[in-house]
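Read through the structure below, which is laid out as structure tokens, and then see the notes.
The values are calculated or read from the model by the stated rules, or taken from the named source; none is laboratory data. Everything numeric here is computed off the predicted structure, so don't read it as measured data. Because the Cβ atoms are built from the backbone with ideal geometry, glycine has one as well, and the counts that use them run over all protein chains shown. Protein only, heavy atoms only, side chains kept; ligands, DNA and RNA dropped before computing areas. Shrake-Rupley method; radii C 1.70, N 1.55, O 1.52, S 1.80 Å.
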Amino acid sequence: GLSIGQMQHDVPWMNEAAKHIGLHEHRDHGILSKFLRSDGKALGDPRKLPWCGDFVDTCLRLTLPDEPRKGALAENPYLARNWMLFGKSTPPRFGAVAVFWRGKRNGISGHVGFAVAWDGARRRIKVRGGNQSNSVSDVWLDSDRLLGCRAPLTFGDLPALPGLSSKGAAVSQNEQ
């Protein structure tokens, strides 16, 4: 199969997201804020506000400017759970928008990022996103927190999610 690097090249928003891995909301505040504003809008100060949705929104707007947004997602792309309204439903695939609950399954809090890899043995999904330990990073999340995955309408089929072992890796419990 293709390596994650090769797949990333073929999925433009994953390539965009990869350029910013390591940016931290405090240490790299100016650079990160400039990136989050580069699509013409931003939530605000990433040091004070949960910016995972802003990161996903920016990566997708820069690389798929014609992708339609409607309803609550168009009004507020910064609420992670609103990403369940994006595009179309998809099984977990490379580059899919992965939406998770945070706190309580039926609450309002959530997390959103892009699917990178799957550990079937441990039922974990690796997610590339913003506001993960206050930075842009790839982290493992338990799949029992996954509300669903979404794929853009204006892009072809996403590649299969590669298998990867998360043995010994930290599993994120509360993304901030």
Read through the list (1) open to solvent by less than 70 Å² (accessible area, probe 1.4 Å); (2) in a loop (DSSP other than H, G, I, E, B); (3) basic (Lys, Arg), then give the number of the only condition that residue 167 fails. (1)
Mind checking which residues of segment 27-63 are of a type in the set (A, V, I, L, M, F, W, C) and crowded, with 17+ Cβ neighbours inside 10 Å? 32, 35, 36, 42, 43, 51, 52, 55, 56, 59, 60
Lone unmet requirement of (1) open to solvent by less than 50 Å² (accessible area, probe 1.4 Å); (2) part of a strand (DSSP E or B); (3) among the aromatic types (Phe, Trp, Tyr) for residue 83: (2)
Filtered residue count, segment 129-174, keeping only those that are touching a Gly at 6+ places or on another chain (Cβ under 9 Å), at pLDDT 95 or above and small (Gly, Ala, Ser): 5
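Listed here are the residues, each with its yes/no results for (1) modelled with pLDDT of 95 or more; (2) touching an Asp or Glu at 6+ places or on another chain (Cβ under 9 Å); (3) in a loop (DSSP other than H, G, I, E, B); (4) surrounded by fewer than 21 Cβ atoms within 10 Å (Cβ to Cβ).
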| residue | (1), (2), (3), (4) |
| --- | --- |
| 74 | no, no, no, yes |
| 100 | yes, yes, no, no |
| 103 | no, no, yes, yes |
| 106 | no, no, yes, yes |
| 113 | yes, yes, no, no |
| 116 | yes, yes, no, no |
| 122 | yes, yes, yes, yes |
| 127 | yes, yes, no, no |
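On the given criteria, is residue 66 free of Cβ contacts under 8 Å to residues at least 40 places away in the same chain and either buried (at least 20 other Cβ atoms within 10 Å of the Cβ) or within 18 Å of residue 151 (Cβ to Cβ) (or both)?
On the way: free of Cβ contacts under 8 Å to residues at least 40 places away in the same chain: no; either buried (at least 20 other Cβ atoms within 10 Å of the Cβ) or within 18 Å of residue 151 (Cβ to Cβ) (or both): yes.
When the stated conditions are applied, residue 66 does not pass them.
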Give me the pairs, please: first residue somewhere in segment 90-107 and more than 15 Å from residue 52 (Cα to Cα) and in contact (Cβ under 8 Å) with a residue 40 or more places away in the chain, second residue anywhere and aromatic (Phe, Trp, Tyr) and open to solvent by 70 Å² or more (accessible area, probe 1.4 Å), beta-carbon distance under 7 Å, and either six or more positions apart or on two chains. 92/118
